[in-house]
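Asker: What follows is a structure written as structure tokens; I'll ask about it next.
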DNA sequence: ATGAAATAGGACTTCAATAGTCGTATTTGA
DNA sequence: TCAAATACGACTATTGAAGTCCTATTTCAT
């Protein structure tokens, strides 16, 4: 509960890695070996980060990945959003259609949870990759 | 990901309910009916809240639950801790033995995640049930 | 040209956590 | 002594997370 997924962790580690090497091109193999991350899992994460325009891919031999933006313009929130592909919501009504929640109609904690949600977003958005390097 | 469990939500709703009735004794049936919460699930949550000394049980006919502390002395963090029975940790290394994590040794994001973790705890600890009533 | 190194991405399996159900025992007020 | 309430263990179903496997495509270097 309230745990980041491994995918998000892997994404953060990978982006930090590239940033720490001054945006030098890095491969999935290099990163997955160095940090003991399953190769195929990291590969998929990198593909998502590419589609989300946080990193850029360079295909073919001698290819790999570089950052698509400066490290101080990539937040933990960005990585979460791109890797998970959905909005973070601490309750169902913040991440999908509110009516889906079985208790939505009589729920008395929507507003306070909304406040908490807002604060959490701020925490994740204000931590930039540049602080992690 | 990063979602509160239904149990925690139910616990918050129940505690808020009791607080909003000026700590009048309330039953599981009354609460589960009013908020459309499965009876047995709520019952178990109430038992945990009792063991965690956030509420007090009154057994037997005419029994039910009352708060064990004033509403401004119960935080969302308290409810999470008692209902989940474990520490909240946004990464494995914060909620269980760090060595269990497959990437612990080479992990480069422990410190920044620790900072985020600390901020999250603050967010949850500073929201009191008295603000929800 | 061709082969090796790299990204792209779909399909599948495994495992653990969440959510809910069922059954029974115990307590206590009227 | 019965009904209304809490106490609690055992079970099932569903979902999501994590990882594996396989194949296609791109591109550099020889």
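Asker: For q = 0.13 Å⁻¹, what log10 I(q)/I(0) does the protein assembly as shown give under the Debye formula with an equal point scatterer on each alpha carbon and no solvent?
Answerer: -0.85
Asker: Residue B:63 label points, 7 Å along Cα→Cβ, one per copy: pairwise distances from this copy to the rest in nm, shortest first?
Answerer: Label point to label point, same position, other copies: 6.6 nm.
Asker: Using alpha carbons only, how many degrees (0 to 90, rounded to 10) separate the axis of helix B:110-126 from the longest principal axis of chain B?
Answerer: Long axis of B:110-126 versus the principal axis of chain B: about 20 degrees.
Asker: Which of A:15, A:74, A:132 has the fewest other C-beta atoms within 10 Å, and how do the rest follow up to the most?
Answerer: A:132, A:74, A:15
Asker: At what distance in nm do the modelled label points of residue A:106 and residue B:102 sit from each other, each positioned 7 Å from its Cα along Cα→Cβ?
Answerer: 4.4
Asker: Could you work out how far helix A:6-20 tilts from the main Cα principal axis of chain A, as a 0 to 90 degree angle to the nearest 10?
Answerer: Between the helix axis and the principal axis of chain A, the angle is about 40 degrees.
Asker: How much length is gained on full extension from residue A:68 to residue A:25, taking 0.36 nm per residue of separation minus their Cα-Cα distance?
Answerer: Values: separation 43, 0.36 × 43 = 15.48 nm, distance 1.14 nm.
Stretched fully, the residue A:68-residue A:25 segment lengthens by 14.3 nm.
Asker: How far apart are the residue A:126 label points across copies, placing each 7 Å from Cα toward Cβ, in nm, shortest first?
Answerer: Label-point separations across copies, in nm and ascending: 0.9.
Asker: I'd like to know how chain A sits against the 2.2 N^0.38 Å rule of thumb: what's its Cα Rg over that expected value?
Answerer: Working: Rg = 17.1 Å, N = 133, 2.2 N^0.38 = 14.1 Å.
Cα-based Rg divided by the globular estimate yields 1.21.
Asker: Could you grab the relative contact order for segment B:24-116? Cα pairs under 8 Å, six or more apart, rounded to a whole percent.
Answerer: That works out to 19 percent.
Asker: Across the residues of B:105-111, average count of Cβ atoms on other protein chains within 10 Å?
Answerer: Mean number of neighbouring Cβ atoms from other chains: 5.
Asker: For the Cα atoms of chain A, what angle does the longest principal axis make with the long axis of helix A:39-51, in degrees from 0 to 90, nearest 10?
Answerer: Its long axis makes an angle of about 70 degrees.
Asker: Using a 10 Å cut-off around each Cβ of peptide B:122-132, what is the average number of partner chain Cβ atoms that fall inside?
Answerer: If you average over the peptide's residues, the count of other-chain Cβ atoms is 3.
Asker: From other protein chains only, count the Cβ atoms within 10 Å of every residue's Cβ in B:10-23, then give the mean.
Answerer: Partner Cβ neighbours, averaged per residue: 1.
Asker: What number, rounded to the nearest 500 deg cm²/dmol, is the helix-based mean residue ellipticity at 222 nm of chain B, given -39500 (n - 2.57) per DSSP H run of at least four residues and division by all its residues? Present the calculation step by step, with values, prior to reporting the outcome.
Answerer: Numbers: 6 runs with 66 residues, N = 133.
After summing the helix terms and dividing by the residues of chain B, the value is -15000 deg cm²/dmol.
Asker: Same structure again: Neighbouring Cβ atoms within 10 Å as the yardstick, rank B:20, B:70 fewest first.
Answerer: B:70, B:20
Every number here is computed from the coordinates shown, using simple stated rules; none is lab data. Worth saying up front: this structure is predicted, and the values here are computed from it rather than measured. In this analysis, Cβ positions are derived from the backbone assuming ideal geometry, glycine residues included, and neighbour counts consider all displayed protein chains.
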